[in-house]
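Here's the structure, in structure tokens; my notes come after.
Each value in this text was obtained by applying a stated rule to the coordinates, not by laboratory testing. Nothing here was measured: the structure is a model prediction, and the numbers come from that model. As a convention, Cβ positions derive from the backbone with ideal geometry for all residues, glycine included, and neighbour counts pool all protein chains shown.
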């Protein structure tokens, strides 16, 4: 396998955006792995589905990327195959990432994204279309920022959290691990671990 060849794991909606980004970067996508046996032997976005995720253990693949939108499933698959070390990160050419920002392995950054100085992004993170992350933010592993999310400076997002489309966080606030911010929510206070908040300002779902 050549250095520009990659295997994609997952054949769902999120995978379409990953595949399009890889093609923009001139990667040669040799195939897709997916655990839905009904998809085996078919093509997805013109790319053949070669088999289940177990195939990654056969040693034939140099590079791989997890194209799965669900944070928990993405983490579980990574942990199952963590000994496979060549997880690549991809950054769409029509995004802006400041040179001081750090990006963990397996992370994907899609078109229209802006990432400002000293941002730290963990592993296997999804930074979706048109996201804006200002200076000094810290994004934990397995986070998913949906299209249009806006983070002001110094925001911290804990592992596995999901921020819905067009949600926003004001400066310096913290969102705990495995929490959810509903679409369009505006976070003005810290959010605890495993908490879902919605609305403007964003509040826990069960609060009045």
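Across the range 91-198, the relative contact order, built from alpha-carbon pairs under 8 Å that are at least six residues apart, equals 16 percent. Of interest is the spacing of the C-alpha centroids, which for the range 1-53 and the range 146-208 amounts to 31 Å.
Computed log10 I(q)/I(0) for the range 1-63 at 0.13, 0.20, 0.21, 0.23 Å⁻¹: -0.30, -0.73, -0.80, -0.95, from the Debye equation with unit scatterers placed on every C-alpha and solvent omitted.
Each peptide among 33-39, 173-179 gets the average number of other Cβ atoms lying within 10 Å of its residues, and from highest to lowest they stand as 173-179, 33-39.
Globularity index of the range 91-198 is 0.92 (Cα radius of gyration / 2.2 N^0.38 Å, N = number of residues). Which FRET efficiency value, to the nearest 0.05, is calculated for residue 190 and residue 52 with the Förster distance at 41 angstrom and r the Cβ-Cβ distance? Efficiency at R0 = 41 Å is approximately 0.50.
With both labels modelled 7 Å from their Cα along Cα-to-Cβ, the residue 25 to residue 45 distance reads 1.2 nm. Which angle between 0 and 90 degrees, to the nearest 10, do you get for helix 13-24 versus the longest principal axis of the chain when only C-alpha atoms count? Once rounded, the angle reads 70 degrees. A simple spin-label model places pseudo-atoms 7 Å from Cα toward Cβ; at residue 98 and residue 72 they are separated by 3.5 nm.
Between helix 71-80 and the chain there is an angle of about 40 degrees, using the helix long axis and the longest principal axis of the Cα atoms. With a simple spin-label model that places each label point 7 Å from the Cα along the Cα-to-Cβ direction, the separation between residue 60 and residue 35 comes to 2.1 nm.
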